[in-house]
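Everything on this sheet refers to the single structure shown next.
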Amino acid sequence: MTARRDDASETDDDFRARLRAFLAEHHPGRRPKDPADRLAWQKTWLAALFDAGYAGPSWPREYGGMALSFARQVIYQEEYASARVPGPLGTGLGIAAPTIVKYGTTEQKERFLRPMLRGDTVWAQGYSEPDAGSDLPALRTTARREGDEYVVNGQKVWTSSADIADILFTLVRTGTPESRQRGISYLLIDAQAPGVVVRPLRDLTGDAHFCEIFFTDVRVPVADRVGEENGGWPLVRTSLGHERAAGAMNQAARYRRVLDELIELAHERGATADPLVRERLADFEVRVRIMRYTGMRTIADILARGEPGPASSTSRLFVVTFEQDLHEFAVELLGPYGVLGRDDPHAVQRGRWVWGFLRTRASTIGAGTAEIQRNTIAEQLLGLPRDPAMPASAR
């Protein structure tokens, strides 16, 4: 079943039914346990999605996307989350892709976008550094130009998917150490290039969701720079805005399902007789609905202005605090069983809730800490004075 891209007679309900049927008929089956098999399984799914015309709901058609209207992007995210099919690989689709679409050369768009959307290449973000996390303009990874190449040296950390990445979209210092945001450039670096070393970082769950990356005399063609030299900061702002907005609707749809499963678990364990439990579940119900409306607003803003803007910080902050609160409640609900991990035969639902509790400890750090989001909301949306403890504004 191939997506019909120009059928004006198709209603939104028809589109929902067609998409739901495709996802059901082509579901790739259970997620493999072996990491290599899982990667191949996910790539096969993304290729099938792209080849059938069901990839990139917000992407321009010229790059293989669907260019869906606002209403149909909402439908797409709801159905995709409900179908429990694999999501995108890496972090390129919602972050690097909008940046390349806006600032990339024609050659870069033709070279990078379709393979990214199809899952042929996996992208990972190289922004944070050991001494430049929240204060991103203080980054120290350098790129010294030699003819038609840059020579990159430095370190990145907390990089999701770097262990499976083909391309790293990376911020580097091409100006002086004092230049801050005025001396930053945006490079696309081959993750397998000589001098690139990726080391996984194990987290509280026991898994390695993050990596650290070391660059030693890595040569990068100048042609793989997006935007102007020392002009990378506007691209950073585009990337970060889209990173915070990218999963807004998808997260809302996914947590609609997760909350329903938590409510079902509370019923099974007889916990809903407790009025305090019912009150907490009602609170989560209200919040997941707000999350959906916020996601819809974010999509509408991007369609109207091409950028999510600082309001994306409200969405990001709302989602991360919600998912932490939800998993904390789930662990409390399970009592002693809430501390049993995935390998314990007595674990409830294979330990998914305690795993989620541990995993979401990092939620208020990624894509800008919760403190950074609050500062953005206060200063750029509410017009409050700058936090004097923060570095000079990186506008």
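The values are calculated or read from the model by the stated rules, or taken from the named source; none is laboratory data. Not measured: the values here are computed from a predicted model. Note that each Cβ is placed from the backbone with ideal geometry, even for glycine, and that neighbours are counted across all protein chains shown. Quick note on the areas: whole protein, heavy atoms, side chains included, nothing else; ligands and nucleic acids left out. Shrake-Rupley method; radii C 1.70, N 1.55, O 1.52, S 1.80 Å.
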Complete set of residues in the stretch 51-84 that are within 16 Å of Ala97 (Cα to Cα), in contact (Cβ under 8 Å) with a residue 60 or more places away in the chain and within 19 Å of the chain's Cα centre (by Cα) = Ala55, Gly56, Ser58
Select the strands (runs of 3 or more DSSP E) contained entirely in the stretch 129-223, then report the ones holding at least 3 residues which are open to solvent by 40 Å² or more (accessible area, probe 1.4 Å).
-> 142-146, 149-160, 196-201, 210-221
Candidate set from the stretch 18-48 (those that are among the aliphatic types (A, V, I, L, M) and open to solvent by 60 Å² or more (accessible area, probe 1.4 Å)); member that is farthest from Ala71 (Cα to Cα) | Ala36
Filtering the stretch 224-254 down to residues that are in a helix (DSSP H, G or I) and of a type in the set (Lys, Arg), which residue is modelled with the highest pLDDT?
-> Arg254
Test: Thr294 is at pLDDT 75 or above, β-branched (Val, Ile, Thr), part of a helix (DSSP H, G or I) and closer than 27 Å to Pro130 by Cα | no
Which condition number does Phe15 fail, the rest of (1) open to solvent by 70 Å² or more (accessible area, probe 1.4 Å); (2) in contact with a Lys or Arg (Cβ under 7 Å, 6 or more places away or on another chain); (3) assigned to a helix (DSSP H, G or I); (4) of a type outside the set (A, V, I, L, M) being met?
-> (1)
Odd one out for Ser9 among (1) over 23 Å from Arg254 (Cα atoms); (2) part of a helix (DSSP H, G or I); (3) open to solvent by 60 Å² or more (accessible area, probe 1.4 Å); (4) not β-branched (Val, Ile, Thr) | (2)
All positions within the stretch 73-92 that are open to solvent by 40 Å² or more (accessible area, probe 1.4 Å) and not in a loop (DSSP other than H, G, I, E, B) | Ser82
Condition met for Thr91 (free of Cβ contacts under 8 Å to residues at least 24 places away in the same chain and of a type in the set (Val, Ile, Thr)) | no
Write out, first by first residue and then by second, each pair whose Cβ atoms fall under 8 Å of each other, whose residues are 6+ apart or on separate chains, and whose first residue, in the stretch 369-395, is within 18 Å of Arg180 (Cα to Cα) while the second is of a type in the set (Gly, Ala, Ser) and modelled with pLDDT under 70.
-> Ile372/Ser134
